[in-house]
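The structure appears below as C-alpha cells.
The values are calculated or read from the model by the stated rules, or taken from the named source; none is laboratory data. What you see is a predicted model, and the numbers here were worked out from it, not measured in a lab. FYI the Cβ positions are ideal-geometry reconstructions off the backbone, even for glycines, and counts take in every protein chain you see.
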Amino acid sequence: MEKKNLDWANIGFGYHKTDQRFVSNYKAGAWDNGTLTSDDMVTISECACVLQYAQTVFEGMKAYTTEDGRIVTFRPDLNAQRMEDSCKRLQMPVYPKDKFVEAITQVVQANEAYVPPFGSGATLYIRPFMFGSNAVIGVKPADEYQFRVFTTPVGPYFKGGVKPITIRVSDYDRAAPHGTGHIKAGLNYAMSLYAIVDAHNQGYDENMYLDAATRTKVEETGGANFLFVTKDNKVVTPKSDSILPSITRRSLMYVAKEYLGLQTEEREVDVEELKDFAECGLCGTAAVISPVGKIVNHNQEILLPSGMNEMGPITKKLYDTLTGIQMGQIEAPKGWIHVIE
Ligand SMILES: *Cc1c(COP(=O)(O)O)cnc(C)c1O
C-alpha cells in the first residue's frame, strides 16, 4: 500500500480530510449496520437537537505505526466504554462497544495510506462522535442519532523538542459538582473557549481549573489531566468526580507503579500544595505528557524545579516508558495494543 505523499513532520494539528469515514444512523430505536463513505458532509435539520441543545459527545484516539511496522491503536476498548458513559449521561443511545472497536478498525484500514510511518512522530488522529440528529424544539432528547468516525493525520506534538508550558489558575470553572465534567461532551468545551482565548491573550498556554464548589482543589485543564511528582518521587493525580477520566493518565499511573516501581496516589490535591511539587505534567492522547514549567496563581508564581527547558526526570521516564509501550519497543500489558490487521 502506497502512503500519501505528506510532509508528516509539518502537517500540524488541523483537519485534513481523508478518504473514508464510518457512519451509522439510529432510528426507531435501533442502529443500522453502518457503512464507510467518502462523503465528509453531514446534512441535518436546522432544528436538530445537537444544533439547538448541544446533544453531542465525542472521543479522541490515535492510530500509528509501531517499530515493527504494525498499525495499532491504544486501548480502544476504554474509549468505547467512556463513550458509553458519556452517551448515558446525555440521554443518548449507546453504540455497542464491540461495534465501536470494529468501526475504528474499519476506518483506519480504509485510510491506511494516511497512517504516518514509524519515527515520523506524526499519527492518524481518530475522532468518533455521536449527535442527536432529528428536529427537537421543546427540550427533550432526540429520537434519531448519528454515530460517525473520521480520521485526520496530525503532526508530531513536540515539534522542535519538548518545551515546558506556563499555565494559570483560572477564575472560570470548567465543571460543576454533579455536572458533566466526567464525560466527553462538546458542551464542556464550548464553555471553556472564552477562558482559553483569554488565557492565550494573557500569555498562558493553558488554564488550571479548580473545583467549582470550594475553589481550593486542583481538577484539570480544558483537555488534559494533571500528574504531579512529589519531592520524594511519588506520582500524584487529583481525584474528583468532575474530572474527565483520561485514558493516558490511567495508563501512566499504571506504568508508574508496575513498570517504574513508584508510589502512586489518586487523591485530592490542594492548590496550596502546588509550590511543594517537583514536577508537573498534563496528560492526554495528543501529547501523552506535556511538562509544565510554571504555574501562576494570581500574585503567586510557582516555578517547578524541573524548569522551563526540559521534562522533569520522572516525567521523562513515564513519557519514555508509555511511548515505548505504544510503539512496540517495550512489552505492553495484555490488551493495551489493538493491532489493525
Ligand atoms: C479527552 C480529555 C482528556 C484526555 O483524555 P485521554 O483519554 O487521555 O485522551 C482529559 N481531559 C478532558 C477534559 C478531556 O476531554
Counted residues, the stretch 269-298 - those being out of contact with any Cys (no Cβ under 9 Å at 6 or more places or on another chain) and either surrounded by 15 or more Cβ atoms within 10 Å (Cβ to Cβ) or of a type in the set (A, V, I, L, M) (or both): 17
Only residues that are crowded, with 19+ Cβ neighbours inside 10 Å, more than 14 Å from the ligand (Cβ to nearest atom) and among the β-branched types (Val, Ile, Thr): list them for the stretch 45-66, please. VAL50, THR65
If I filter the stretch 67-84 down to residues being near the ligand (Cβ under 9 Å from one of its atoms) and among the basic types (Lys, Arg), which single residue comes out as nearest to LEU244 (Cα to Cα)? ARG82
Just checking, does the stretch 105-113 include any residue being within 16 Å of the ligand (Cβ to nearest atom) and modelled with pLDDT of 95 or more? no
Taking the stated definitions as given, is GLU102 free of Cβ contacts under 8 Å to residues at least 12 places away in the same chain and more than 14 Å from ILE337 (Cα to Cα)? yes
Considering only strands (runs of 3 or more DSSP E) wholly within the stretch 147-253, the ones with at least 3 residues that are within 14 Å of the ligand (Cβ to nearest atom) and surrounded by 15 or more Cβ atoms within 10 Å (Cβ to Cβ) are 206-208, 225-229
Consider THR37 carefully, then state whether it is without any contact (Cβ under 8 Å) to a residue 12 or more places away in the chain and β-branched (Val, Ile, Thr). no
Could you tell me whether any residue of the stretch 148-167 is of a type in the set (S, T, N, Q) and in contact with a Leu (Cβ under 7 Å, 6 or more places away or on another chain)? yes
I want to confirm something. Restricting to the stretch 85-103 and keeping residues that are part of a helix (DSSP H, G or I) and aliphatic (A, V, I, L, M), which single residue is farthest from SER246 (Cα to Cα)? ALA103
Take the stretch 194-220 and flag every residue that is β-branched (Val, Ile, Thr) and under 18 Å from SER306 (Cβ atoms). VAL218
